[in-house]
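Before any comments, here is the structure.
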Amino acid sequence: MDVAKPESKRLYQIWRGNNKFLFGGRLVFGPDVASLFLSSFLIVGPAVAFCVKILSIIRHQLSENKNAVPWYPIIIVAIVLTMLDVFFLFITSSRDPGIIPRNKKPPECDETIEIDTPSVEWVNGRPPHLKLPRTKDVIVNGHTIKVKFCDTCLLYRPPRVSHCSICNNCVQRFDHHCPWLGQCIGIRNYKFFYMFITTSTILCIYVFAFSWYNIFHRQGSVWKAISRDYLSDILIVYCFIAFWFVGGLTFFHFYLICTNQTTYENFRYRYSKKENPYNKGMIKNLKEVFLSEIPPSRNNFRAIVEEDEVTVRESTSSKEKMDIEMGNNFGEDSSHTLPDILRNLEYDDIEENIKDREASDRSYSDQFVVPLGPDLKETVSSLKVEVDANTVEKCDGMIRTN
Ligand SMILES: [Zn+2]
Ligand SMILES: [Zn+2]
């Protein structure tokens, strides 16, 4: 354990999450922010191609002394929609999604819980007199919700908070980590995320419709126009495919908003089976997302902090946690020894997921939560077998497959 000399730094410079910062901590991105370039290109590229197409039509109309005025609004609306779309993309990706600041030390032990209670599962690696239960019950709107202790952030995750294993932060009203935006979607950017996917869907329909219009507008038969106007053909196919993706996402999130669920909750809990404690009725649910004020960020990334205030305690990411608890000496440089599929995973979730699956034969896809296919389950099982031979006690509670 290293303790650095006292030195004034800004919070973003010593941030323990995997975020990337720009403009001195004013903009906060996820670790996979590079995918923003690809996403922007997938929006701007076809939009520019469409505008070039309309411009060539305008030029053609003018050269033949025909009326080009109706084409101007078409190009203006396309430009406005594209700019709005990129704006929502950027604003969703560049703001704090609702990160909960980590604790410097674990909360005090709750003395009301008997240490010898056999049914209570304890947080690992703590001396007996400081033991903390792994879960606590919290009452939300008359429903009992289990909240879990986060080993990385050293706090009990409040209801609807989840730890994003990619960003390595606990996020309020965690929806999912969007790989296209390279950012978590949480309480502070969900509204903008929804605007982004909605604008993308409208842009798709718009370009699709006017590309058909361009084809029908050409002289001669439709087939002749299709065989000659390659750009419109490509735009029609592209928008058709993209519509199923962004349109599907828009409809799915509209359903989630109306029923007050997050993607995470939808895939994990399936409220159809148990009552959703957050559902207040469709109108109130819609108001909560679109009309309620976005809470201020709980992190001042530009605040000056004394570096020695924050004990340089190595952050325990899921991978590291597993390394330590498995008694393996992987170390930073030998991270390749861990299978790719096991990196950036929420091991607590795997554990619970397996329990869930064993408890019921519900079949659902949890592709957004934990990609726990048969291969992974097998890998986890085989890892446990390997560990069993060495350090069963250390591993206990971390990855439990039986
Ligand atoms: Zn956490
Ligand atoms: Zn994330």
Against the 2.2 N^0.38 Å scaling, with N counting residues, where does region 33-107 land? I'd like the Cα-based Rg ratio to two decimal places.
1.83
Trypsin sites (Lys or Arg not before Pro) restricted to DSSP loop in region 232-298 with at most 11 other C-beta within 10 Å:
K273, K274
What is the fewest-to-most order of I294, I241 by other Cβ atoms lying within 10 Å of their Cβ?
I241, I294
Arrange the following residues from fewest to most other Cβ atoms within 10 Å of their Cβ: E64, E288.
E64, E288
Cα centroids of region 22-50 and region 213-244: how far apart, whole angstrom?
28
Given charges of +1 on the Cβ of Lys and Arg and -1 on the Cβ of Asp and Glu, with all other atoms neutral, how large is the dipole of region 136-266 about its Cα centre, in debye to the nearest 20?
180
For the pairs K136/K191; K146/K284; K131/K287; K20/K105, flag any whose C-alpha to C-alpha distance is greater than 32 Å.
K131/K287
Ordered by fewest other Cβ atoms within 10 Å, a rough proxy for footprinting exposure, V171, V140, V28 read V140, V28, V171
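Coordinate-derived values only; no laboratory data. What you see is a predicted model, and the numbers here were worked out from it, not measured in a lab. All Cβ positions, even for glycine, are placed from backbone atoms using ideal geometry, and neighbour counts span all protein chains on display.
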